[in-house]
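What follows is a single structure, written as structure tokens, with notes after it.
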Amino acid sequence: MTNSKYFGTYIERNFKTTKQAFLKAFKDAGVDITTEQWVILDLLVQEDGVSQTHLGTASLKDAPTTSRIIDLMCKKGFAERRSVENDRRKYHIYLTAKGRAIHEQLLPIVLNLREVGWGGLDEKDYLNFLRIMNQIYANFSKLEK
């Protein structure tokens, strides 16, 4: 194997294609939501009333990006910020009834797209994919230190 493998190009191509497929499906469903907002929405369905920091960590987004995503979701009525009882400076993020309905509407679409994306591949392929992606991440993470 040479040191000139263009794996980043393949990662970028797949990321763009996947994101475009999801955005098109959301638009076709009549829902104004981004893939980043979907991730936060899905996290809130799993664990509602969590901190913005928790959502950022779980979605692999930095604090400013997470804040912008949540701001947009609040404007759209998908989520709301509520101050923490003992500390008015802190907020937890909660899913609204509208956000829950959007999740229920989009979940079958998302699950179908995941199956489409993984078509022709099996569990062993998935485990290899995770191993490779995690190794690439670890390799580049070493450079940050």
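What follows draws every value from the coordinates through simple rules; no lab data is involved. Quick caveat, the model's predicted, so the values are computed rather than measured. When we count neighbours, we look across all protein chains shown, and the Cβ atoms used for this are built from the backbone with ideal geometry, even at glycine.
Just need the Rg to Rh number for the chain, please, alpha carbons only, Kirkwood Rh.
1.02
Longest span of the chain, sites excluded, free of chymotrypsin sites (Phe, Trp or Tyr not before Pro) in DSSP loop with at most 16 other C-beta atoms within 10 Å?
Result for the longest clean stretch: 7-117.
Among GLN105, VAL45, ILE69, whose Cα lies farthest out toward the positive end of the dipole of the chain, if unit charges sit on the beta carbon of Lys, Arg (+1) and Asp, Glu (-1)?
ILE69
Find how many whole Å separate the alpha carbon centroid of region 117-145 from the alpha carbon centroid of region 28-102.
Taking the Cα centre of region 117-145 as reference, the centre of region 28-102 is 27 Å away.
Counting only pairs 8 or more residues apart or on different chains, how many lysine pairs in the chain have their Cα atoms under 13 Å apart?
For the chain, the number of qualifying lysine pairs is 4.
Can you compute the equivalent ellipsoid semi-axes for region 21-86, i.e. the square root of 5 times each eigenvalue of the Cα gyration tensor, sorted largest first and rounded to whole Å?
22, 13, 10
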